[in-house]
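What follows is a short report on a single structure.
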Amino acid sequence: MSDPTSQLKDAQQAGTANGTGRKGRLWLMLLIVVLGGALIFARLRNGSSQPQAEASSDGQPISTPNIRTAIVRQGSIGQYIEALGTVTPLATVNLYSQVSGQVTAVHYTEGQIVNRGDSLIDIDPRPYEAQLQQYQGALERDQALLKQAEIDLARYQEAAEQKAVARQTYEDQLQVVEQYRGSVKNDMGQLQYGQVQLSYCRLTSPISGRVGLRLVDPGNTVFSGGNSAIVVITQLQPISVVFNVAEDYLAQVRSQITERGALPVDVYDRSRTNRIAAGKLLTLDNQVDTSTGTVRFRAEFENRDLALFPNQFVNARLLVRTLRNQLIVPAAAVQHNGVNAFVYVVRDGAVHLQPVSEIATEGNNAAINGIEAGDVVAITGFDKIQEGTRVAVPGGSSSEPSSKGGGQ
């Protein structure tokens, strides 16, 4: 017989096991219900959003890309040569002292605009004034001696004609007169030299331009023949830009110069977005640089607003000629596959690859061949389209490729 106590324990353990199994089944059923509800909610949500996505694209499939387009037009475009240039003054003058002495006055301020003939620096003139006075005195003395000798010569000539003096006396006096005449000429030369030396004590500007930083101050001593300039003047109006052009363009540019004269040149800043000044081609160098295969061009600019500064780096654009009646598209429409250019033409809601040839580019516009005026070309979305891709064009096509263009 089994112990009553053991039977009670076995009954308790069996009841506990039955309760645990029922709780596990309840939790499993609850988990299945939650997952099923979540799945049904997700399907209902996708089903309700699908019609909105289709309606927002005007009936087009969701995979149809939206692109922007432009209409090919006929117009004029400029053919340019672009090069990196340097602003170069037409004249830069370094003034050196041609006499030795102490600086007594400086009449300019740093960076001042001066005109031709303006006084710049004064050097102590007293030693040269005294020297000039000596030359003047020597000239007056020799002029008096010459006059006295000429009077004596007249007397000896009259006496010689009357046989009152020897002929030799008259001839000797004639040579004395010639000696004094030579002395007078020498004195006149020294006097002129002294006047020139005195003029060097007052330095004036030989050109109109801007003065650089001050190099001497009042009280400094300068020396004749020194190696250091005492003032530098740079001409700013007009000013030039020097840039290098490949020799391949030389014949084309020269022919245009012969037909039209001076060619227009624009200069832009480093970013090539802001035009600084407009001028004209002044001249070409007389030889090709064999190390680079380029020719130096010089363009001249009035520079009224002083926007061009000496030694400034700029981007020069030389307008060689204006091409008229060309097919103009935005430059963004022209794509390249290696060396070949092409555009995507939109017809009947689909794009078609059309090979083209580029003629010229000006700003945001390009002149091409291979399409017709009035064609519609894609200008965006190239990463989403290929031959035959159906596309959507929200808002229609732009009739003007760009506001920048048209040549000059």
Of the candidates P355, P264, P310, which one comes out as most mobile in a Gaussian network treatment of the chain with C-alpha springs shorter than 10 Å? P355
Could you please report the charge total around A350, scoring K, R as +1 and D, E as -1 over all other residues with beta-carbon less than 11 angstrom from its beta-carbon? 0
Point-to-point label distance, R167-N274, nm (Cα→Cβ direction, 7 Å offset): 9.3
Within the range 178-199, list the residues whose amide N lies under 20 Å from a label point set 7 Å along Cα→Cβ of A154. 178-182, 184
Pick out, from L323, V222, N244, the residue whose Cα sits farthest towards the positive end of the charge dipole of the range 209-343, with +1 on the Cβ of Lys and Arg and -1 on the Cβ of Asp and Glu. L323
Full extension between Y200 and R347 adds, at 0.36 nm per residue less the Cα distance, a length in nm of 44.7 nm
Comparing G111, G36, G189 in a Gaussian network model of the chain (Cα, 10 Å), the one with the largest mean-square fluctuation is G36
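Given charges of +1 on the Cβ of Lys and Arg and -1 on the Cβ of Asp and Glu, with all other atoms neutral, how large is the dipole of the chain about its Cα centre, in debye to the nearest 20? Could the numbers behind the result be given before it?
Details: 36 positive and 39 negative charges, 423 e Å.
That gives the chain a dipole magnitude of about 2040 debye.
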Give me the percent of accessible area attributable to carbon and sulfur for the chain, probe 1.4 angstrom. 49
Send over a whole-number figure in Å² for the accessible area per residue of the chain, probe 1.4 Å. 62
Dividing the alpha-carbon Rg of the chain by 2.2 N^0.38 Å yields what? 2.23
Measure out, as a whole number of angstrom, how far apart the alpha-carbon centroids of the range 304-382 and the range 152-183 sit. 96
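So between N66 and F223, what do we pick up on full extension, going 0.36 nm a residue minus the alpha carbon distance?
Difference between extended and current length: 48.7 nm.
What does the charge count near V93 come to, summing +1 for each Lys or Arg and -1 for each Asp or Glu among other residues with Cβ under 12 Å from its Cβ?
Numbers: positive: R116, R210; negative: none.
Counting the neighbours of V93, the net charge comes to +2.
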How many nm is it between the label spots at R390 and L35, if each spot is 7 Å from the Cα in line with the beta carbon? 4.0
Relative to the first principal axis of the alpha-carbon coordinates of the chain, what is the inclination of helix 126-161, with its axis defined by its Cα atoms, in degrees from 0 to 90 and to the nearest 10? 30
Fully extended contour minus Cα-Cα distance, from Q136 to A246, at 0.36 nm per residue: 33.3 nm
Nearest 10 degrees, 0 to 90: helix 4-56 Cα axis against the chain principal axis: 50
By average C-beta atoms within 10 angstrom, highest first, the peptides 94-105, 220-231: 94-105, 220-231
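The values are calculated or read from the model by the stated rules, or taken from the named source; none is laboratory data. Bear in mind the structure is a predicted one, so any value in this text is a computation, not a measurement. Ideal geometry is used to build each Cβ from the backbone, glycine not excepted, and the neighbour counts take in all protein chains shown. In case anyone asks, the SASA skips ligands and DNA or RNA and just uses the protein heavy atoms, side chains included. Shrake-Rupley method; radii C 1.70, N 1.55, O 1.52, S 1.80 Å.
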